[in-house]
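Input: a single structure, listed below in structure tokens.
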Amino acid sequence: MDILLQVLANGLMLGGLFAIVSVGLTLIFGIVKVVNFAHGEFLMLGMYGTYLVTSALGLHPFVAVIAVVPVLFILGALTQRLLIQPLMASGDDHIQIFATVGLSTALINLALLVFGADIANTPPHGLRAPVEIGPVRVLTGQIVIFLAAIALVVGLQAFLARTQTGRAIRAVAQNRAAAELMGIDVKRIYALTFGIGAACVGVAAVLVAPLYPTSPNSGTYFVLTAFVVVVLGGLGSIGGAFAGSLLIGLIDSVAGFYVGSDMREIAVFGVFLLILILRPSGLFGSRLKLAHVSP
Amino acid sequence: MLRLEGVHAGYGATTILHDVSLDVAAGEVVTIIGANGAGKTTTLRTIAGLLTPTAGRITFEGQDVTRLSGHEMVERGVTLIPEGRQLFPEMSVRENLLMGAYRRAARARQAETLEEVLELFPRVRERLDQNAGSLSGGEQQMVAIARGMMARPKLLMFDEPSLGLAPIIVSQVFAVVDRIVRSGVTVLIVEQNVFHTLQVADRGYVLENGEIVLRDEAKALLANDHVRRAYLGI
């Protein structure tokens, strides 16, 4: 019984990790419907940023937020403005997709060039210390990630629902032409949305770096699951992506323990395929939302 | 207030408007009459900044606005209520109306404007918390007009407000348009119901194959043989 509880706790913590990595993607891919395959590399750069700040200055890794989040915001906004915006005019979504794949490859190789292929370990500053909650044991850093994921999800939802800028983002996603007619600077909103999405993954990077080794390929490890989670939850549903993260985390953990660790991905993607066959619009997506995936 | 001088515009390599000149004075109600494909919508979209003229000049309140984009025109006070409503389907009616007041000059007074606009549209008030996509066509058109008014525009442009609506709804839409016209807003309207529109308008232009072929007082156009034959079916 205790073992099952521990396995479930591990699953939830893993789910929290997927959730925090995919929050930014929910906004960029789920709501604004632009595919960004360099999302994982933004995470990787943020993790290196955290590593540099922590090891060079000897500060607590969370202090790196002050540097990493603004830098990633700018990087995201620039990526949209300089790479994706010029391609949007072509009207062909595939070109954007390939462009972000290209950016992803370029960033991985840039990281190889600058940091080398060796693994960089961010000093954990007590974040790898275990905490006992009843019969289960988790790491302090995992709990922080889980709580931060909830805070980001709730915060993003409130931002989109309550603020003028948040509503403008949704308006652009739903009807670009009408948004322009409302006086919304559509290009500015796209750049801003990308900036916010990248800033979210910056927060994730700062929290993830002390727990996981950083290497040029760190991003690819997380990003595929992040895409799965956003689609599984239902495009555009932020709460759905969170629920999807927890589900994938639990399946991964349970299958890894009871079936075998090499079966984890088979279980995760098997369930993913099954859900898509039964509910093509995802767990919490409505059919209406899929109607304008390619605007 | 608004002046187009020798404007050419179109989509890509296709030029639709040829040498269009027209003007609208403050407080006036002006209509553009023409067959399908004559370039009426293109004219409105060009004024709204969604299309950039390939030649010619557009001025608004004495300033050159030829190259301004859509959102910049809204900031100047030019609002287009587009054909086919173009609401935000997954937003509530209230959120749609608040988006209408995105323009800086309208944002500060958004609560006050909302009350004023809802006075005009009691049916819209009942639907405030519903998703705009769930409304009937007539209700959506009312929301689209209300959303346009939320911007407190200096010039309000209507593109086919009665298109695709049931006859009984059409008369409701016209009642609303008439009230807006009488409230003193400057209006430029394109509408397939030429007879009704010429009765509320001060002046009209007749657009054929992208060119202005006739311009006159609305009353004179109602009496004009060509207009009567081609557009009124009399």
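The values are calculated or read from the model by the stated rules, or taken from the named source; none is laboratory data. Owing to the predicted nature of the structure, the values given are computational and were not obtained by experimental measurement. Backbone-built Cβ (ideal geometry, glycine too); neighbour counts: all protein chains shown.
Looking only at segment B:167-179, decide whether some residue is without any contact (Cβ under 8 Å) to a residue 40 or more places away in the chain and within 24 Å of B:ARG3 (Cβ to Cβ).
yes
How many residues does segment A:33-51 contain that are hydrophobic (A, V, I, L, M, F, W, C) and either in a loop (DSSP other than H, G, I, E, B) or surrounded by fewer than 21 Cβ atoms within 10 Å (Cβ to Cβ) (or both)?
4
Would you check if A:GLY183 is small (Gly, Ala, Ser), within 11 Å of chain B (Cβ to nearest Cβ) and outside any helix (DSSP H, G or I)?
Yes: the conditions hold for A:GLY183.
Condition first: over 13 Å from the mean Cα position of the chain (by Cα), within 16 Å of B:ASN36 (Cα to Cα), surrounded by fewer than 17 Cβ atoms within 10 Å (Cβ to Cβ) and without any contact (Cβ under 8 Å) to a residue 40 or more places away in the chain. Can you find one or more residues in segment B:203-211 that meet it?
No, every residue in segment B:203-211 fails to be over 13 Å from the mean Cα position of the chain (by Cα), within 16 Å of B:ASN36 (Cα to Cα), surrounded by fewer than 17 Cβ atoms within 10 Å (Cβ to Cβ) and without any contact (Cβ under 8 Å) to a residue 40 or more places away in the chain.
Identify all residues within segment B:46-96 that are among the acidic types (Asp, Glu), at the interface with chain A (Cβ under 9 Å from one of its Cβ atoms) and closer than 27 Å to B:SER136 by Cα; write none if there are none.
B:GLU90, B:GLU95
Would you check if there is a residue in segment A:85-97 being part of a helix (DSSP H, G or I), within 28 Å of B:SER69 (Cβ to Cβ) and within 14 Å of chain B (Cβ to nearest Cβ)?
Checked against the condition, which is being part of a helix (DSSP H, G or I), within 28 Å of B:SER69 (Cβ to Cβ) and within 14 Å of chain B (Cβ to nearest Cβ), segment A:85-97 yields at least one hit.
Quick check on segment B:129-140: of everything there that is in contact with a Leu (Cβ under 8 Å, 6 or more places away or on another chain) and more than 14 Å from chain A (Cβ to nearest Cβ), which residue is surrounded by the most Cβ atoms within 10 Å (Cβ to Cβ)?
The residue in question is B:GLY138.
Condition first: under 28 Å from A:VAL230 (Cβ atoms) and part of a strand (DSSP E or B). Now tell me which residues in segment A:121-155 satisfy that.
A:VAL138, A:LEU139 - these are the residues of segment A:121-155 that are under 28 Å from A:VAL230 (Cβ atoms) and part of a strand (DSSP E or B).
May I ask you to verify whether A:ALA161 is within 14 Å of another protein chain (Cβ to nearest Cβ), of a type in the set (A, V, I, L, M, F, W, C), in contact with a Pro (Cβ under 9 Å, 6 or more places away or on another chain) and outside any loop (DSSP other than H, G, I, E, B)?
So A:ALA161 fails the test.
Determine whether A:LEU72 is in contact (Cβ under 8 Å) with a residue 12 or more places away in the chain and surrounded by 16 or more Cβ atoms within 10 Å (Cβ to Cβ).
Answer is yes for this residue.
Hey, among B:VAL143, B:VAL117, which residue is more than 13 Å from every other protein chain (Cβ to nearest Cβ) and either at pLDDT 95 or above or buried (at least 16 other Cβ atoms within 10 Å of the Cβ) (or both)?
Only one candidate qualifies: B:VAL117.
Going by the conditions given, is A:GLY30 in contact with a helix residue (DSSP H, G or I) (Cβ under 8 Å, 6 or more places away or on another chain) and exposed (fewer than 14 other Cβ atoms within 10 Å of the Cβ)?
Against the criterion (in contact with a helix residue (DSSP H, G or I) (Cβ under 8 Å, 6 or more places away or on another chain) and exposed (fewer than 14 other Cβ atoms within 10 Å of the Cβ)), A:GLY30 does not qualify.
So, B:GLU160, is that one in contact with an Asp or Glu (Cβ under 7 Å, 6 or more places away or on another chain) and closer than 28 Å to B:GLN110 by Cβ or not?
yes
Each row is one residue, and each column tells you yes or no for (1) touching a Leu at 6+ places or on another chain (Cβ under 7 Å); (2) acidic (Asp, Glu); (3) within 30 Å of A:ALA89 (Cα to Cα).
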position: A:ALA151; (1), (2), (3): no, no, no
position: A:GLN164; (1), (2), (3): no, no, yes
position: A:ALA168; (1), (2), (3): no, no, yes
position: A:LYS187; (1), (2), (3): no, no, yes
position: A:LEU192; (1), (2), (3): no, no, yes
position: A:PRO213; (1), (2), (3): no, no, no
position: A:THR225; (1), (2), (3): no, no, yes
position: A:ILE238; (1), (2), (3): yes, no, yes
position: A:SER245; (1), (2), (3): no, no, no
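Can you pull out the residues in segment B:157-179 that are within 13 Å of chain A (Cβ to nearest Cβ) and either crowded, with 24+ Cβ neighbours inside 10 Å or in contact with a Phe, Trp or Tyr (Cβ under 8 Å, 6 or more places away or on another chain) (or both)?
B:MET157, B:PHE158
Mind telling me which of the residues A:THR100, A:THR54, A:THR79 ends up being among the polar types (S, T, N, Q), surrounded by 14 or more Cβ atoms within 10 Å (Cβ to Cβ) and closer than 26 Å to A:MET13 by Cα?
Answer to the check: A:THR54.
Based on what the data block shows, is A:TYR221 outside any loop (DSSP other than H, G, I, E, B), among the aromatic types (Phe, Trp, Tyr) and over 28 Å from A:LEU113 (Cα atoms)?
no
Please go through segment B:97-109 and pick out each residue that is within 10 Å of chain A (Cβ to nearest Cβ) and within 16 Å of A:ARG170 (Cα to Cα).
Matches in segment B:97-109: B:LEU98, B:MET99, B:GLY100, B:ALA101, B:TYR102.
Any idea which of A:ALA168, A:ALA148, A:ALA199, A:ALA120 is of a type in the set (A, V, I, L, M, F, W, C), modelled with pLDDT of 95 or more, more than 20 Å from A:VAL32 (Cβ to Cβ) and surrounded by 14 or more Cβ atoms within 10 Å (Cβ to Cβ)?
A:ALA148
Listed here are the residues, each with its yes/no results for (1) touching a strand residue (DSSP E or B) at 6+ places or on another chain (Cβ under 9 Å); (2) more than 14 Å from every other protein chain (Cβ to nearest Cβ).
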{"site": "A:GLN142", "(1), (2)": "yes, yes"}
{"site": "A:ALA151", "(1), (2)": "no, yes"}
{"site": "A:LEU156", "(1), (2)": "no, yes"}
{"site": "A:ALA171", "(1), (2)": "no, no"}
{"site": "A:CYS200", "(1), (2)": "no, yes"}
{"site": "A:PRO213", "(1), (2)": "yes, yes"}
{"site": "A:THR220", "(1), (2)": "no, yes"}
{"site": "A:PHE227", "(1), (2)": "no, yes"}
{"site": "A:ILE238", "(1), (2)": "no, no"}
